[in-house]
Amino acid sequence: MLGVCLLFVGIVLINNGICNLYKIDGKSAAVMNILTGGLSLYINFLNLYLGNFYAAGTGLLFCFTYLFVAMMDIWGLNPIPFAYFSTFVAINAIAFGFVEGIFGSDLLGLVPDWRWAAIWWLWAILWGSSFFTDILGMKQLAKYVPWLQIFEGIVTAWIPGLLLILELW
């Protein structure tokens with residue numbers, strides 16, 4: 001399920017980056033966020049039902065990110081609440097990077113996976129960008145965020161998702 005979800009996380013990040021670069025209206029950009037957020041919601045409720053709490057907890061951070069972005073784009077909401085949510089998620093992403101690097105996804109298996117640690121830390125940078133641009137007002141950094149979205153969509157989601165689906169990871 002993770003591979004499927006990451007495939008869509010990849011395209012939503014790429015789509016969001018492209019829409020931001022081309023100044024495409026938020027309502028048009030929101031469609032892919034709703035679809036990806038909805039898919040993630042379904043997958044992660046299934047994970048909750050199956051007792052995969054680590055997968056569900058981490059996956060719902062993505063789900064709520066994309067649904068939050070969609071609602072902000074549709075209704076033109078103030079970005080500050082999203083920035084605080086993103087800051088919370090970024091802090092957790094840093095922690096999950098350490099968990100992956102020390103223990104791996106199977107917390108009892110003690111099989112560290114530095115690939116996932118690096119991916120979590122890259123995601124922390126993207127989520128953390130809201131803290132710097134919207135909370136601290138460092139608006140000059142905002143021009144780099146679309147490029148970061150595209151890069152992370154490819155490197156941290158699309159490629160790993162594709163490799164997982166093809167059972168090459």
From the residues in the range 90-129 that are charged (D, E, K, R) and assigned to a helix (DSSP H, G or I), which one is surrounded by the most Cβ atoms within 10 Å (Cβ to Cβ)? E100
Any chance G137 is open to solvent by 20 Å² or more (accessible area, probe 1.4 Å), on the phi > 0 side of the Ramachandran plot and either among the hydrophobic types (A, V, I, L, M, F, W, C) or without any contact (Cβ under 8 Å) to a residue 24 or more places away in the chain (or both): yes
Name the residues in the range 52-79 that are closer than 19 Å to C19 by Cα, open to solvent by 70 Å² or more (accessible area, probe 1.4 Å) and either assigned to a helix (DSSP H, G or I) or touching a Gly at 6+ places or on another chain (Cβ under 7 Å) (or both), would you? M71, W75
If I filter the range 24-39 for residues that are more than 20 Å from G161 (Cβ to Cβ), open to solvent by less than 40 Å² (accessible area, probe 1.4 Å) and at pLDDT 95 or above, do I get at least one hit? yes
Any residue in the range 77-89 that's more than 14 Å from L136 (Cα to Cα): show its pairings with residues that are open to solvent by less than 90 Å² (accessible area, probe 1.4 Å) and hydroxyl-bearing (S, T, Y) at Cβ separation under 9 Å, as long as the two are six or more apart or on different chains. F85/T65; F85/S130; V89/T65
Of (1) more than 19 Å from F82 (Cβ to Cβ); (2) under 13 Å from the mean Cα position of the chain (by Cα); (3) open to solvent by 40 Å² or more (accessible area, probe 1.4 Å), L148 satisfies all except one. Which? (1)
Got at least one residue in the range 17-31 being touching a Gly at 6+ places or on another chain (Cβ under 6 Å) and either among the β-branched types (V, I, T) or closer than 17 Å to Q149 by Cβ (or both)? no
Any residue in the range 96-109 that's modelled with pLDDT under 90: show its pairings with residues that are of a type in the set (V, I, T) at Cβ separation under 8 Å, as long as the two are six or more apart or on different chains. F103/V111; G104/V111; L107/V99
Within the range 40-51, the residues that are buried (at least 17 other Cβ atoms within 10 Å of the Cβ) and out of contact with any Leu (no Cβ under 7 Å at 6 or more places or on another chain) are S40, L41, I43, N47
Matching residues, the range 1-23, being closer than 21 Å to V99 by Cα and either more than 16 Å from the chain's Cα centre (by Cα) or surrounded by fewer than 21 Cβ atoms within 10 Å (Cβ to Cβ) (or both): M1, L2, G3
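The values are calculated or read from the model by the stated rules, or taken from the named source; none is laboratory data. The shown structure was predicted, so the numbers you read here are calculated from the model rather than taken from an experiment. Cβ coordinates were reconstructed from backbone atoms using ideal geometry, including for glycine residues, and neighbour counts include every protein chain displayed. Note: accessible area is taken over every heavy atom of the protein model, side chains too, but ligands, DNA and RNA are not part of it. Shrake-Rupley method; radii C 1.70, N 1.55, O 1.52, S 1.80 Å.
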